[in-house]
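K.L.:
Have a look at this one.
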Amino acid sequence: MGENRDLADLRRRLAEIADIESAEAVLGWDQLVMMPRPGAATRAKQLSTLRSIAHARFIDPEIGRLLDALEPYAESLPYDSDDASLIRVTRRDWDKATRVPTELSAAMARHNSEATEAWVTARANDDYASFRPWLERTLELRARYAECFEPGDDPYDVHLDQFEPELKTAEVRRVFDRIRPVLQELTSEAARDDVEPFETAFYPEDRQRELSVELMRAFGADDAFRLDPTVHPFCTSFSTQDVRLTTRYAENDLHGTSIFSTMHEAGHGLYERGVSPALERTPLAHGCSMALHESQSRLWENVIGRSPAFWRWFYPRMQSAFPEALDGVPGDRFYRTVNGVRRSLVRVDADEVTYGLHIILRFELEQRLLSGELPTADLPDAWGERFEELIGTPVPNDRLGCLQDVHWGGGSFGYFPTYQLGNVISAQIWARLLQDVPDAEEQIERGAFEAIHTWLRDHLYVLGRKFTPTETLERVVGGPIDPEPYLAYLRAKVATLRAP
Ligand code: ZN
C-alpha cells in the first residue's frame with residue numbers, strides 16, 4: 001500500500017493549494033503589519049487573484065475523481081490515520097466547496113468587502129440607516145448560500161457549519177440556555193463601576209514589549225514565532241514552523257496593553273505551531289475549528305493569564321516594569337481590577353462574566369435576521385431592548401450597539417457563537433488537564449509552563465484538522481461540550497473578586 005499513485009497525486013495537488021494559501025496569508029499579514037497604506041488597492045487585487053487560483057484548483061473535478069478512487073483505500077485504513085483523515089476531511093471540504101456556484105462565491109466576496117467599507121463609514125458616523133441596505137443584501141446572499149445545501153434540522157446549521165463543521169444549532173442552544181441565567185446572576189452579583197487610577201496610568205510601549213516577549217517565550221513560543229505590532233491583534237501561520245503573532249501597545253489603558261493581547265494570540269500561535277509536522281502542506285495543517293482555536297487563546301489569556309497563581313508570579317515583574325503606574329498598588333487589588341466585572345457596552349472590552357451575554361445577544365438576533373422574523377429596520381431597537389434585559393444597561397447609540405462589530409458587515413453570520421463556545425471549552429480542557437497535571441497552579445506560580453504546554457500539544461494541537469470539532473473534543477476530554485466546568489470556573493473566579 002506504500003505506493004498509491006492516486007494518493008500521491010492528491011497530496012501533490014493539495015500541497016500546491018496549501019502553498020498558494022500560505023502566500024495569501026503572507027500577503028494578508030503584510031497588509032496589516034508592514035504595508036504602506038497606498039498599497040491597499042493593488043493588494044486587494046493580488047489577494048483576490050490568489051484566492052481564485054486556489055479555489056479553482058480545489059474545485060477541479062479531478063480532485064473529486066481522486067477522492068472517489070481513494071475511498072476503498074481510506075476504508076481499509078484506521079479511521080485516525082493521517083491518510084484516512086486527509087481523504088475524509090478533503091472529501092467534506094470538496095463537497096461543500098463544489099456545491100456553491102463560482103458566480104455566487106465571487107458575488108459574496110465582492111459584496112462582503114464593499115459592505116465592510118460601508119460598515120466602517122456607518123459606524124464612524126453612527127448611521128445605521130446607511131448600512132441597512134448592505135445588511136439586506138448580505139442576508140439575501142446568505143439565503144442563496146443556504147439554498148446550496150440540504151436543509152438541516154435548523155436553518156442556522158448551515159451558517160454555523162462554516163466555522164464549526166458538523167456542530168448543530170440545537171447543541172449551541174442547549175449550552176447557551178444553561179449558562180445564560182448563571183451569567184446574569186453572576187453579573188448582578190459582581191458588576192462594579194469604579195475605576196482605579198492605575199487603569200489609565202502610563203504604560204510605556206518599550207516595557208510592554210519586553211514583558212510580552214518574556215511571556216510568549218515562557219508559554220513556549222520558540223524561534224518559529226515573531227511578534228509585531230498592529231491595530232487589531234491577530235495570529236496567522238505560514239507553516240507549522242513560521243507563526244506570526246501580532247499585538248497592540250495602548251499606553252494609557254491597562255486593559256489595552258500588549259500583555260493580554262499577546263497571551264491571547266500566543267494561545268492561537270501555540271496551537272498552529274503544535275500541529276503534527278506530518279500534516280504540513282495539507283488542508284489538515286491548522287487548528288480544528290474557530291471554537292477550538294478560541295478555546296486555546298482564552299485558555300492562555302484567561303484561565304492561565306488572569307488566574308491568581310499567574311499574577312503571584314508575574315505581578316512583581318509588572319510592578320518593576322511600570323513603577324510610575326503600579327508603585328504602592330497591592331497585588332490583590334491589581335488582580336481584582338484585571339478581572340473586574342463591568343456592564344460594558346462593547347463586546348471586545350467585556351470581562352469573562354459578561355462576555356457570554358454579549359454573544360448570546362448576537363446569536364439570538366442573527367437567527368431572527370436570517371429567518372426574516374426580525375426586519376433589518378427593527379434591529380437597533382431589538383438590540384437595545386435585549387441588551388438591557390441581558391446585561392442591565394441602556395444602549396445610547398448604534399455605534400456602541402448593533403454597529404460595533406465587523407462580522408455582519410463582512411457577511412460572517414454563524415461566527416459569533418464560536419467565541420463563547422471557546423470559553424466554555426477552555427474550562428473543560430483545563431479541568432481535564434488538571435487530572436494529569438495536578439500541580440499546574442503551583443507550576444504557573446513559578447512561571448513554569450512546559451508541562452501545561454506539552455500536555456495541550458500532545459492531546460490537542462498535534463491533531464490539527466484531522467477530526468471534526470466534536471470528535472476532537474471527545475478525544476481530548478472524553479465527551480461532548482459540557483458547560484458545567486465553565487460555570488464552576490466562573491463561580492470560583494467571582495468568589496475571588498469579593499473585596500477582603
Ligand atoms: Zn482569538
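The values are calculated or read from the model by the stated rules, or taken from the named source; none is laboratory data. Predicted model only: the values in this text are computed from it and were never measured. Here the Cβ positions follow ideal geometry from the backbone for every residue, glycine too, while neighbour counts run over all protein chains shown.
K.L.:
How many residues are surrounded by fewer than 14 Cβ atoms within 10 Å (Cβ to Cβ) and of a type in the set (Lys, Arg) if we restrict to the range 379-406?
P.N.:
0
K.L.:
Filter the range 411-426 down to the residues that are within 16 Å of the ligand (Cβ to nearest atom) and either among the aliphatic types (A, V, I, L, M) or modelled with pLDDT under 95 (or both) and list them by number. Show your work before the answer.
P.N.:
Within the range 411-426, the subset within 16 Å of the ligand (Cβ to nearest atom) is 412, 415-426.
Listed by number, the residues that qualify are 421, 424, 425.
K.L.:
Is at least one residue of the range 353-375 within 16 Å of the ligand (Cβ to nearest atom) and either touching a Leu at 6+ places or on another chain (Cβ under 7 Å) or aromatic (Phe, Trp, Tyr) (or both)?
P.N.:
Yes, the conditions are met somewhere in the range 353-375.
K.L.:
Here's a follow-up. Quick check on residue 392: is it closer than 19 Å to residue 130 by Cα, away from the ligand (no atom under 16 Å from the Cβ) and in contact (Cβ under 8 Å) with a residue 12 or more places away in the chain? It would help to see each step written out before you state the result.
P.N.:
Details: closer than 19 Å to residue 130 by Cα: no; away from the ligand (no atom under 16 Å from the Cβ): yes; in contact (Cβ under 8 Å) with a residue 12 or more places away in the chain: yes.
In short, no.
K.L.:
Please go through the range 31-56 and pick out each residue that is of a type in the set (Val, Ile, Thr) and either crowded, with 16+ Cβ neighbours inside 10 Å or within 19 Å of residue 107 (Cα to Cα) (or both). Step through it out loud before you land on a result.
P.N.:
Of all residues in the range 31-56, those of a type in the set (Val, Ile, Thr) come to 33, 42, 49, 53.
Matches in the range 31-56: 33, 49, 53.
K.L.:
Residues in the range 290-320 that are among the hydroxyl-bearing types (Ser, Thr, Tyr), away from the ligand (no atom under 11 Å from the Cβ) and touching a residue at least 24 places away in the same chain (Cβ under 8 Å): how many? First the steps, then the outcome.
P.N.:
Taking the range 290-320 as the starting set, the residues that turn out to be among the hydroxyl-bearing types (Ser, Thr, Tyr) are 295, 297, 307, 315, 320.
In the following step, the residues that additionally are away from the ligand (no atom under 11 Å from the Cβ) were identified as 307, 315, 320.
Retained after the next criterion (residues that are touching a residue at least 24 places away in the same chain (Cβ under 8 Å)): 307.
Matching residues across the range 290-320 total 1.
K.L.:
Scan the range 462-482 and tell me whether some residue there is surrounded by fewer than 17 Cβ atoms within 10 Å (Cβ to Cβ), within 14 Å of residue 426 (Cβ to Cβ) and of a type in the set (A, V, I, L, M).
P.N.:
No; the residues of the range 462-482 include none that is surrounded by fewer than 17 Cβ atoms within 10 Å (Cβ to Cβ), within 14 Å of residue 426 (Cβ to Cβ) and of a type in the set (A, V, I, L, M).
K.L.:
Condition check: at pLDDT below 95 and under 25 Å from the mean Cα position of the chain (by Cα). Does residue 108 satisfy that?
P.N.:
Details: at pLDDT below 95: yes; under 25 Å from the mean Cα position of the chain (by Cα): yes.
The answer is yes for residue 108.
K.L.:
Filter the range 241-260 for residues that are more than 16 Å from the ligand (Cβ to nearest atom) and buried (at least 21 other Cβ atoms within 10 Å of the Cβ) and give the result.
P.N.:
Across the range 241-260, the qualifying residues are 254, 257.
K.L.:
Which of the residues that make up the range 371-395 are part of a helix (DSSP H, G or I) and touching a helix residue (DSSP H, G or I) at 6+ places or on another chain (Cβ under 8 Å)?
P.N.:
From the range 371-395, those part of a helix (DSSP H, G or I) are 371, 376-391; that's our starting set.
Listed by number, the residues that qualify are 376, 377, 379, 380, 382, 383, 386, 387, 390, 391.
K.L.:
Restricting attention to the range 1-23, report how many residues are surrounded by 14 or more Cβ atoms within 10 Å (Cβ to Cβ) and at pLDDT below 95.
P.N.:
Number satisfying all stated conditions: 1.
K.L.:
Can we say residue 198 is aromatic (Phe, Trp, Tyr), surrounded by 16 or more Cβ atoms within 10 Å (Cβ to Cβ) and out of contact with any strand residue (DSSP E or B) (no Cβ under 9 Å at 6 or more places or on another chain)? Full working, then the answer.
P.N.:
Values: aromatic (Phe, Trp, Tyr): yes; surrounded by 16 or more Cβ atoms within 10 Å (Cβ to Cβ): yes; out of contact with any strand residue (DSSP E or B) (no Cβ under 9 Å at 6 or more places or on another chain): yes.
Yes.
K.L.:
Among the residues of the range 261-289, count how many are surrounded by fewer than 20 Cβ atoms within 10 Å (Cβ to Cβ) and within 16 Å of the ligand (Cβ to nearest atom).
P.N.:
1
K.L.:
Might you check whether a residue that is of a type in the set (D, E, K, R) and within 16 Å of the ligand (Cβ to nearest atom) occurs anywhere in the range 226-235? Outline the logic, then answer.
P.N.:
Our first condition is that a residue be of a type in the set (D, E, K, R); within the range 226-235, this holds for 226, 228.
Those still in the list that are within 16 Å of the ligand (Cβ to nearest atom) too: none.
Checked against the condition, which is being of a type in the set (D, E, K, R) and within 16 Å of the ligand (Cβ to nearest atom), the range 226-235 yields no hits at all.
K.L.:
Another question about this same structure. When you go through 341, 329, 348 one by one, which is the residue that is within 16 Å of the ligand (Cβ to nearest atom) and either touching a residue at least 24 places away in the same chain (Cβ under 8 Å) or closer than 28 Å to residue 237 by Cα (or both)? If you could, list the steps in order and put the result at the bottom.
P.N.:
On the way: 341 fails: within 16 Å of the ligand (Cβ to nearest atom); 329 fails: within 16 Å of the ligand (Cβ to nearest atom).
That would be 348, the only listed residue that is within 16 Å of the ligand (Cβ to nearest atom) and either touching a residue at least 24 places away in the same chain (Cβ under 8 Å) or closer than 28 Å to residue 237 by Cα (or both).
K.L.:
Write out, first by first residue and then by second, each pair whose Cβ atoms fall under 7 Å of each other, whose residues are 6+ apart or on separate chains, and whose first residue, in the range 170-193, is in the same structural domain as residue 360 (by TED's automatic domain parsing) and part of a helix (DSSP H, G or I) while the second is small (Gly, Ala, Ser) and surrounded by fewer than 17 Cβ atoms within 10 Å (Cβ to Cβ).
P.N.:
Pairs that qualify, where the first residue is in the same structural domain as residue 360 (by TED's automatic domain parsing) and part of a helix (DSSP H, G or I) and the partner is small (Gly, Ala, Ser) and surrounded by fewer than 17 Cβ atoms within 10 Å (Cβ to Cβ), are 187/392.
K.L.:
Taking the stated definitions as given, is residue 174 loosely packed, with under 15 Cβ neighbours inside 10 Å, under 28 Å from residue 488 (Cβ atoms) and at pLDDT below 95? Spell out how you get there, then give the answer.
P.N.:
Values: loosely packed, with under 15 Cβ neighbours inside 10 Å: yes; under 28 Å from residue 488 (Cβ atoms): yes; at pLDDT below 95: no.
Considered against the rule, which asks whether it is loosely packed, with under 15 Cβ neighbours inside 10 Å, under 28 Å from residue 488 (Cβ atoms) and at pLDDT below 95, residue 174 comes out as no.
K.L.:
Of the numbered conditions (1) surrounded by fewer than 14 Cβ atoms within 10 Å (Cβ to Cβ); (2) within 28 Å of the chain's Cα centre (by Cα); (3) farther than 30 Å from residue 377 by Cα, residue 59 fails exactly one; give the number of that condition.
P.N.:
(1) is the only condition that residue 59 fails.
K.L.:
Looking at (1) surrounded by 18 or more Cβ atoms within 10 Å (Cβ to Cβ); (2) over 30 Å from residue 188 (Cβ atoms), which one does residue 489 not meet, given that it meets all the others?
P.N.:
Failed condition: (2).
K.L.:
Would you mention how many residues in the range 74-89 are in contact with a helix residue (DSSP H, G or I) (Cβ under 7 Å, 6 or more places away or on another chain), over 18 Å from residue 16 (Cβ atoms) and not in a loop (DSSP other than H, G, I, E, B)?
P.N.:
Taking the range 74-89 first, the residues in contact with a helix residue (DSSP H, G or I) (Cβ under 7 Å, 6 or more places away or on another chain) are 74, 77-78, 82-84, 87-88.
Right, trim to over 18 Å from residue 16 (Cβ atoms) and you get 74, 77-78, 82-84, 88.
Narrowing the set further to residues that are not in a loop (DSSP other than H, G, I, E, B) leaves 74, 82-84, 88.
Here the count works out to 5.
Each row is one residue, and each column tells you yes or no for (1) of a type outside the set (Gly, Ala, Ser); (2) part of a loop (DSSP other than H, G, I, E, B); (3) under 30 Å from residue 142 (Cα atoms).
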| residue | (1), (2), (3) |
| --- | --- |
| 411 | no, yes, yes |
| 430 | yes, no, no |
| 438 | yes, yes, no |
| 444 | yes, no, no |
| 448 | no, yes, no |
| 474 | yes, no, no |
| 491 | yes, no, no |
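This table checks each residue for (1) more than 30 Å from residue 81 (Cα to Cα); (2) without any contact (Cβ under 8 Å) to a residue 60 or more places away in the chain.
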residue	(1), (2)
4	no, no
7	no, no
22	no, no
33	yes, no
45	yes, yes
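K.L.:
Can you tell which of 487, 473, 497, 456 is touching a Gly at 6+ places or on another chain (Cβ under 8 Å) and within 22 Å of residue 182 (Cα to Cα)? Lay out the reasoning, then the answer.
P.N.:
Numbers: 487 fails: touching a Gly at 6+ places or on another chain (Cβ under 8 Å); 473 fails: within 22 Å of residue 182 (Cα to Cα); 456 fails: within 22 Å of residue 182 (Cα to Cα).
It is 497.
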